[in-house]
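Peer 1: Right, I'll just put the structure down here and ask away after.
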Amino acid sequence: MKAVVYKSTGSWYIVQNDAGEIFNARIKGKFKIDDITSTNPIAVGDIVEVEMENELEDTVTIVEIYERKNYINRVSPHNKNQHHIVASNLDQSFLFATLKDPKTSQGFIDRFLITAEAYHIPCVIIFNKSDLYKKKEQEKFAELEKMYEEIGYKVRLMSIEKDEGINEIIALLKDKVTLFSGHSGVGKSSFVNIILPELKLKTQDVSGWSGKGLHTTTFAEMYNLPFGGKIIDTPGIRELGLVDIPKQELSHYFPEMRALINECQFNNCMHVDEPNCAIKKAVEDGNINIERYISYRNILDTINDKKY
């Protein structure tokens, strides 16, 4: 029978079939999929074929994985040379961010967007804790909102504390499979507790000493929404290493650059100091936001082109 993977704990998986029955599952033998060097052959969101192993204990064996529509991955937390597939078969991803306590950097947002672009997953950026924003943060939000919406991303503002903007965000979840991501401490777990109160996910205050937030979730897990749709909550991802994106391709994952790449004089233009570069001209003319270009250059410098 067909089932969907809802949780992985390393050696066992929790799967659910179309009838809503839940089973403990494990893999039969070795899986090698799509030649991916991955630390987890099966990810949350995978659609799998399972066979009954023990009816009394509700255990099944995973015998096949159906082709993934898409997936999102990051460098494995245990081994920098391997990736860890976070989730698969997504309709969209929500990136939770904050401008205060803890502040999410634009670099973190841009890296996430690049990964989502690379895997063709639409992304919504949600800024939480608007109740803490003073004039400085309000101005910053207005700048970021304009910058990201101009290049095609949805941006939303909410305050869980003040119950503002929440219903509009819930409406975006209906009947879709949505990945939740973001630093720890940005309100992701609090938001999950609003839409799935029976879960009572542990929420943590931002750890004072680093301003980074403590981890609360360790494994990605999928949940059914009562109003239709599913969410996948991910471990408070500290950062997404860019996996398998060569320097040459980086600009393809900036939508505002992708539109102009063919206008550069050189087809291998890196948009750094080459002559007649359409991207740099667009930055000078104000058609590409300078902050996004700076982000591109910073990220470019962190990519080392070794093959995984």
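Results for (1) touching a Cys at 6+ places or on another chain (Cβ under 9 Å); (2) free of Cβ contacts under 8 Å to residues at least 12 places away in the same chain; (3) crowded, with 18+ Cβ neighbours inside 10 Å, shown as yes or no for each residue.
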site	(1), (2), (3)
E249	no, yes, no
Q265	yes, no, no
D273	no, yes, no
D285	no, yes, no
N289	no, no, yes
S295	no, no, yes
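Peer 1: Return the only residue of I36, I72 being at pLDDT below 90, within 22 Å of V4 (Cβ to Cβ) and assigned to a loop (DSSP other than H, G, I, E, B).
Peer 2: Answer to the check: I36.
Peer 1: Exactly one of (1) surrounded by fewer than 19 Cβ atoms within 10 Å (Cβ to Cβ); (2) in contact with a Gly (Cβ under 8 Å, 6 or more places away or on another chain) is unmet by A87. Its number?
Peer 2: Here A87 meets the rest and fails (1).
Peer 1: Looking at the range 117-140, which of its residues are in contact with a strand residue (DSSP E or B) (Cβ under 6 Å, 6 or more places away or on another chain) and under 27 Å from N73 (Cα atoms)?
Peer 2: Once the filter is applied, which keeps residues that are in contact with a strand residue (DSSP E or B) (Cβ under 6 Å, 6 or more places away or on another chain) and under 27 Å from N73 (Cα atoms), the range 117-140 yields Y119, I121, P122, C123, V124, I125, I126, F127, N128.
Peer 1: Can I ask one more? Cβ-Cβ distance below 8 Å, separation of 6 or more or different chains: which pairs start in the range 105-129 with a residue that is farther than 22 Å from S189 by Cβ and end on one that is in a helix (DSSP H, G or I) and among the acidic types (D, E)?
Peer 2: Filtered contacts from the range 105-129: Q106/E291.
Peer 1: Only one of these conditions is not met by G185: (1) assigned to a loop (DSSP other than H, G, I, E, B); (2) closer than 26 Å to D46 by Cβ. Which number is it?
Peer 2: Of (1) assigned to a loop (DSSP other than H, G, I, E, B); (2) closer than 26 Å to D46 by Cβ, only one is false for G185: (2).
Peer 1: Taking the criterion of being surrounded by fewer than 16 Cβ atoms within 10 Å (Cβ to Cβ), under 21 Å from the mean Cα position of the chain (by Cα) and either at pLDDT 90 or above or of a type in the set (A, V, I, L, M) (or both), would at least one residue in the range 46-69 satisfy it?
Peer 2: yes
Peer 1: Now a separate question. Return the residues of the range 159-182 that are β-branched (V, I, T) and in a loop (DSSP other than H, G, I, E, B); say none if nothing qualifies.
Peer 2: I160 - this is the single residue of the range 159-182 that is β-branched (V, I, T) and in a loop (DSSP other than H, G, I, E, B).
Peer 1: In the range 157-170, how many are out of contact with any Lys or Arg (no Cβ under 7 Å at 6 or more places or on another chain) and crowded, with 17+ Cβ neighbours inside 10 Å?
Peer 2: Number of matching residues: 4.
Peer 1: Given the conditions (1) modelled with pLDDT of 95 or more; (2) closer than 29 Å to E143 by Cα, and given that P275 satisfies all but one, which numbered condition is not satisfied?
Peer 2: Here P275 meets the rest and fails (2).
Peer 1: If I filter the range 139-148 for residues that are under 18 Å from the mean Cα position of the chain (by Cα), assigned to a helix (DSSP H, G or I) and of a type outside the set (S, T, N, Q), do I get at least one hit?
Peer 2: yes
Peer 1: Considering each residue of the range 106-120, count those that are open to solvent by 10 Å² or more (accessible area, probe 1.4 Å) and not small (G, A, S), and give that number.
Peer 2: 6
The values are calculated or read from the model by the stated rules, or taken from the named source; none is laboratory data. Since we're looking at a predicted model, the values are computed, not measured. Ideal geometry is used to build each Cβ from the backbone, glycine not excepted, and the neighbour counts take in all protein chains shown. Areas reflect the complete protein model, heavy atoms only, side chains present, ligands, DNA and RNA absent. Shrake-Rupley method; radii C 1.70, N 1.55, O 1.52, S 1.80 Å.
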